[in-house]
1. Could you pull out the pairs from 36/346; 26/346; 26/355 whose alpha carbons sit more than 29 Å apart here?
2. Net charge within 11 Å of residue 141 by Cβ-Cβ distance, Lys/Arg positive one each and Asp/Glu negative one each, not counting residue 141 itself?
3. With unit charges on the beta carbon (Lys/Arg positive, Asp/Glu negative), name the residue among 247, 304, 270 whose Cα is farthest towards the positive pole of the charge dipole of segment 240-306.
4. Per residue, what accessible area does segment 175-294 have, given a 1.4 Å probe and all protein chains present, in Å²?
5. With a 10 Å radius around each residue's Cβ, average the other Cβ atoms per peptide and rank 138-146, 249-257, highest first.
6. Leaving out ligands, DNA and RNA, what percent of the accessible area of segment 157-274 is carbon and sulfur, probe 1.4 Å?
7. Test of understanding: what is the full-extension gain from residue 260 to residue 224, defined as 0.36 nm times their sequence separation minus their Cα-Cα distance?
8. Put 37, 341, 161 in order of accessible area, largest first, 1.4 Å probe: what do you get?
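The values are calculated or read from the model by the stated rules, or taken from the named source; none is laboratory data. Worth saying up front: this structure is predicted, and the values here are computed from it rather than measured. Using ideal geometry, Cβ is built from the backbone for each residue, glycine included, and neighbour counts are taken over all protein chains shown. These area figures cover heavy atoms from the full protein model, side chains too; ligands, DNA and RNA do not enter into them. Shrake-Rupley method; radii C 1.70, N 1.55, O 1.52, S 1.80 Å.
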Amino acid sequence: MKLQLIALIFGVLSTAPSSAQQLTLKADAPAQYQVKTGDTLWGIAGLYLAKPWLWPELWEVNPGVKNPDLIYPGDLLTLRFDAQGRPTLQREESEPLLSFASESVSATSDRVIKLKPRVRTLQRGSALDLLPGSLIQSFLVGHRLVGPAELEQSAYVVGATVAVKNAVSGHLIYVQGNLDTGQAYGVYRQADAVADPLTGDELGIELVPLARLKLLPPVSGQQEGLHRAELFDSRQEVRQGDWVMALRQSAAVPARFNRVALPASTKGLILSSASGFREFANWEVLLVNLGAEQGLMPGQLLSVLRPSPRVLDGTPPSYPQDSDAWQRLTGAWFSDREMPTEVVGKVMVLEPQAKASYVIVLDALMPLHLGDWVGGQDAGQHYLQTNGSTGADRP
């Protein structure tokens with residue numbers, strides 16, 4: 001096996017380009033690590049990097065390595081440093097495993113057993129996923145954003161084998177529409193249309209997942225276009241008129257980070273979360289009003305941005321909510337100071353559509369909120385450089 005060097009580059013956001021960032025290892029980074037089944041690229045990066053979202057830079061110092069992000073269970077990773085003192089992970093070349101086959105040789109008085117060595121080839125499993133499998137599965141059956149035309153062409157629930165208004169796992173239902181027996185399907189309920197709060201443009205109609213279904217063989221007298229199905233994995237009750245759509249395929253989940261950077265001035269808003277909460281942490285799936293038209297691609301990393309609270313710069317400085325009437329009045333005229341916009345988290349693009357995208361929170365430095373801004377990796381630094389503390393053109 002050819003040795004492959006995987007560079008670990010990490011540091012803090014700075015005004016310098018990412019390739020010039022200072023390299024810093026975590027204090028407890030292991031000298032060696034044996035890759036296990038169930039590991040993820042993100043998890044391994046977190047063993048070595050204080051900021052695992054810089055995993056896209058892992059192979060930058062080794063541009064000649066082909067597919068350096070393909071790591072398999074059983075691989076032994078050794079921490080080394082290159083000539084410039086930058087840390088790298090070297091995947092050790094595995095030695096062929098020897099086993100011995102016995103061969104009997106007859107003799108007049110003795111029976112001799114000779115052992116002949118032979119090489120035993122091990123089959124490698126699948127390369128590690130970027131994210132945990134449970135998160136990938138949750139996204140595949142999660143919220144959807146569709147257009148009106150796609151919704152009108154979708155199959156829908158028309159009834160059940162018993163006159164129930166709310167069907168759950170184990171119920172047999174009937175679905176009208178064009179379905180493929182080799183495809184996995186989910187049942188969804190139409191929620192509100194999503195509009196861009198900045199432009200007013202309609203971004204799509206969000207669908208809430210209710211259950212999954214298993215298509216059953218047809219029975220005598222079954223009409224064309226009508227399908228029998230059994231519900232399972234219910235999250236909510238299924239009703240007549242709910243929509244049936246093919247589930248996302250595993251290929252829809254990014255296999256690795258996308259290193260194409262957005263312009264630093266590109267910014268959008270967090271519109272909703274899959275959980276329905278207004279505050280969220282790592283692994284939450286969010287909807288943002290940036291999409292393919294703004295350059296988003298699967299696997300891209302974005303910064304989550306939040307303006308720091310305003311300050312009335314008096315004697316002493318105070319926040320507006322903590323100030324008296326006179327401070328608020330005079331502060332509005334003379335000393336109302338806007339503070340910088342800071343990066344409060346990192347998200348990765350899962351599914352970009354034309355004007356909106358689903359993203360997943362990879363690193364929340366503090367609880368993230370609906371209405372927080374998202375932008376390119378260096379967007380926070382861009383705002384600090386261009387706006388300072390004046391708040392001009394601030395998100």
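1. Working: 36/346 26 Å; 26/346 19 Å; 26/355 38 Å.
Correct reply: 26/355.
2. Values: positive: 144, 212, 235, 248; negative: 233.
With Lys, Arg at +1 and Asp, Glu at -1, the neighbours total +3.
3. So the residue furthest toward the plus end is 304.
4. Details: 6290 Å² over 120 residues.
Heavy-atom SASA per residue in segment 175-294 reads 52 Å².
5. Working: 138-146: 19.1, 249-257: 15.7.
Result, highest mean Cβ count within 10 Å first: 138-146, 249-257.
6. Details: 3000 of 6220 Å².
Reported share for carbon and sulfur atoms: 48 percent.
7. 8.2 nm
8. 37, 161, 341
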